[in-house]
1. Quick check on PRO46: is it surrounded by fewer than 14 Cβ atoms within 10 Å (Cβ to Cβ) and part of a loop (DSSP other than H, G, I, E, B)?
2. Could you tell me which of the residues GLU41, GLU64, GLU53, GLU57 is within 16 Å of the chain's Cα centre (by Cα) and farther than 28 Å from ASP183 by Cα?
3. Residues of the stretch 90-130 being among the small types (Gly, Ala, Ser), open to solvent by less than 50 Å² (accessible area, probe 1.4 Å), over 14 Å from the mean Cα position of the chain (by Cα) and at pLDDT 85 or above, which ones?
4. Filter the stretch 180-230 down to the residues that are in a helix (DSSP H, G or I) and polar (S, T, N, Q), then identify the one that is surrounded by the fewest Cβ atoms within 10 Å (Cβ to Cβ).
5. Can you name every residue in the stretch 1-27 that is more than 19 Å from LEU97 (Cβ to Cβ) and out of contact with any helix residue (DSSP H, G or I) (no Cβ under 6 Å at 6 or more places or on another chain)?
Amino acid sequence: MSKKLICLPYAGSGAGIYRPWTQLSSDLLTAVPIQLPGREELFGEPFYESLEEAVTETARKVREAVGDQPFSIFGHCIGAILGYEVTRYLLATGGPLPEKLLVSGSASPRRRQPLTVSQVSDEEAISDLWQQLGRESAVMLDPELRELLLPSLQADARLLGGYAPTDIYALPVPILALRGENDEALTSTDLRDWASYTTSSFRCQEMTGGHMYLTEAWPQLWKTIEEAVR
């Protein structure tokens, strides 16, 4: 039976970023991007107002998408935190549980720094973003694209603005933590702290590139994930 990979977008993005993986899907693994409101085909829908709403609604979409098929969850940056919280919610509400949680480009919940994106002006928001990613974003230099993407970035920053859990809730789910080896926004130590969030197996892997390494190596990362979920 083919397994499914639930794909959760990173900050400011939509499900469309995972189009390369939908084209790489095989008999072994099928990519299932989950769309968030306020972007792409759901552009007219309001952004989530709270993390609780985001977790509840995303869990509902996951359940609808997987049915009775085995699945794993992948999330990058903010998507990693959402993936962890969705898995925690599924555990608390009767499942189903993913076979593996793949967290990418994110420190563990207790070690992450909030994504700060100014709500005052576009210029301040872009400056905040560049500072935290450690590099300029070519997309944000395009005025039209910036007008489309900045509201979702700001909404995602608000979503996790107060997220600072002090307790460690370890999941009975294996975790694979991924990072670009040149990621200036995430240290290896902060990534490896995800080991505290599972009572099952844990593995950490570094990929070539920086914080957005996945956008430069979709096929290579897909192959890594296929091997991880076999």
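The values are calculated or read from the model by the stated rules, or taken from the named source; none is laboratory data. Computed from a predicted model, the values in this text were never measured in an experiment. For neighbour counting, all protein chains shown are included, and Cβ atoms are generated from backbone atoms with ideal geometry for every residue, glycine included. When the accessible area is computed, the model is the full protein with side chains, heavy atoms only, and any ligands, DNA or RNA have been set aside. Shrake-Rupley method; radii C 1.70, N 1.55, O 1.52, S 1.80 Å.
1. The answer is yes for PRO46.
2. Just a single option satisfies the conditions, and that option is GLU57.
3. Residue satisfying the conditions is GLY95 alone.
4. Residue satisfying both the conditions and the ranking: THR189.
5. SER13, ALA15, ILE17, TYR18, ARG19, THR22, GLN23, SER25, SER26, ASP27
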